[in-house]
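Q: Below are the structure tokens for one structure; questions will follow.
What follows draws every value from the coordinates through simple rules; no lab data is involved. Since the model is a prediction, treat every value here as computed from it, not as a measurement. Cβ sites come from the backbone with ideal geometry, for glycine too, and all protein chains shown count toward neighbours.
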Amino acid sequence: MDAIISPKAIQTEFPECVGDLLTSDPVVQMSHYISHGKTTTLEHCCAVAYFSMRLSRTLHIQIDETSMLRGAFLHDFYLYDWHVPVSGRKLHGFSHPAAALRNARSHFSINRLEANVIEAHMWPLTLRSMPKCREAVVVCLVDKYCSFLETMGYRYRSKFMRYIPVRRGEVNG
Ligand SMILES: [Fe+2]
Ligand SMILES: [Fe+2]
């Protein structure tokens with residue numbers, strides 16, 4: 001992926017699209033949980049949003065960028081530590097997209113594209129929840145790319161991450 005998005009673009013365009021999410025207590029709570037490796041779920045969602053923006057701009061894919069970014073920021077909004085087994089909870093890989101969508105709908109107004117981005121991001125694992133729009137296809141692919149990097153121990157911190165104006169880690173709960 002080239003067409004790197006400048007720090008200034010990140011600092012101005014992200015708040016325009018997802019400003020309410022960047023300052024939301026429930027969204028910031030994702031910094032309490034680990035996604036893969038040493039990456040928090042909040043960092044993972046920031047990375048998926050950033051790389052989805054980069055991929056769609058590099059390939060000139062016609063998308064609703066705001067819906068894609070909002071869906072990407074909320075795609076793992078399940079708010080629990082998936083590494084801790086809880087009796088009665090279904091397998092995380094299969095169930096967390098639906099949990100994330102439930103949480104997203106309970107805190108924000110979610111449109112049709114955003115809902116599909118969230119519920120289909122684990123496809124083909126979630127066989128019947130498949131991407132039905134370009135926004136969901138991009139996020140589904142980028143989520144796998146980011147998850148692989150994180151599992152291999154890659155850290156985003158020194159790159160684009162510091163320019164995303166999201167509150168980090170000062171929320172109780
Ligand atoms: Fe996920
Ligand atoms: Fe994810």
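Q: Among Q11, A72, S95, which residue has its Cα positioned farthest towards the positive end of the charge dipole of the chain, with +1 placed on the Cβ of Lys and Arg, -1 on the Cβ of Asp and Glu, and the dipole taken about the Cα centre?
A: Working it through, the farthest residue towards the positive pole turns out to be S95.
Q: While we're here: What is the gain in length, in nm to one decimal, between R105 and A9 on full extension, counting 0.36 nm per residue of separation less the C-alpha to C-alpha distance? Let's see the in-between values first.
A: Details: separation 96, 0.36 × 96 = 34.56 nm, distance 2.81 nm.
Stretched fully, the R105-A9 segment lengthens by 31.8 nm.
Q: Turning to a different aspect of this structure: Under 18 Å Cα-Cα from K90, which aspartates and glutamates qualify once same-chain neighbours fewer than 8 residues away are excluded?
A: Straight-distance partners of K90: D76, D81, E119.
Q: Can you bin region 61-156 into rounded, prolate or oblate? Criterion: square roots of the alpha carbon gyration tensor eigenvalues sorted a ≥ b ≥ c, rounded for a/c under 1.5, prolate for a/b above b/c, oblate for the rest. Kindly include the intermediate steps, with their values, before the conclusion.
A: Numbers: a/c = 1.63, a/b = 1.22, b/c = 1.34.
Cα axes put region 61-156 in the oblate bin.
Q: Hey, another quick one. Can you give the FRET efficiency for I34 and L127, using 1/(1 + (r/R0)^6), R0 = 35 Å, r = Cβ-Cβ distance, to the nearest 0.05?
A: Working: r = 27 Å, r/R0 = 0.76.
E(calc), rounded to 0.05, equals 0.85.
Q: Below 8 Å between Cα atoms, with a sequence gap of 6+, how large is the relative contact order for the chain in percent? Intermediate results must be reported in sequence, preceding the final value.
A: Working: 243 pairs, mean separation 52.8, N = 173.
Relative contact order comes out at 31 percent.
Q: Moving on to the next point. I'd like the per residue volume of the convex hull spanned by the Cα atoms of region 1-75, given in cubic angstrom. Can you show the working numbers first?
A: Values: hull volume 7.0 nm³, N = 75.
In region 1-75, the Cα hull volume divided by residue count equals 93 Å³.
Q: Then there's this: Add +1 for every Lys or Arg and -1 for every Asp or Glu among the other residues with Cβ under 15 Å from the Cβ of R112, and state the total. Don't skip to the answer; put the middle values down first.
A: Details: positive: R70, R105, K132, R134; negative: D64, E114, E119, E135.
Charge balance near R112 sits at 0.
Q: Under 18 Å Cα to Cα from K144, which lysines show up? Leave out anything in the same chain fewer than 8 places away.
A: Counting by Cα, and skipping residues close in sequence, K144 has these lysines nearby: K38, K132.
Q: Can I ask one more? Return the calculated 222 nm mean residue ellipticity for the chain, to the nearest 500 deg cm²/dmol, obtained by summing -39500 (n - 2.57) across DSSP H runs with n ≥ 4 and dividing by the residue count. List each step's numbers first, then the result.
A: Working: 7 runs with 90 residues, N = 173.
Result for the chain, helices only: -16500 deg cm²/dmol.
Q: Now for a different question. Give me the mean projected area, in nm² to one decimal, of the convex hull enclosing the Cα positions of the chain. Walk me through the intermediate numbers first.
A: Numbers: hull surface 38.4 nm².
Orientation-averaged projected area of the Cα hull: 9.6 nm².
Q: Could you list which residues have their amide H under 5 Å from that of S35, counting only those 5 or more apart in sequence or on another chain, with H placed in the peptide plane?
A: T40, T41
Q: Moving to a separate point now. Quickly rank 100-112, 71-83, 47-59 as a protection proxy: mean count of other C-beta atoms within 10 Å, highest first. Could you put the intermediate results ahead of the total?
A: Details: 100-112: 16.6, 71-83: 23.1, 47-59: 21.5.
In decreasing order of mean packing, 100-112, 71-83, 47-59 become 71-83, 47-59, 100-112.
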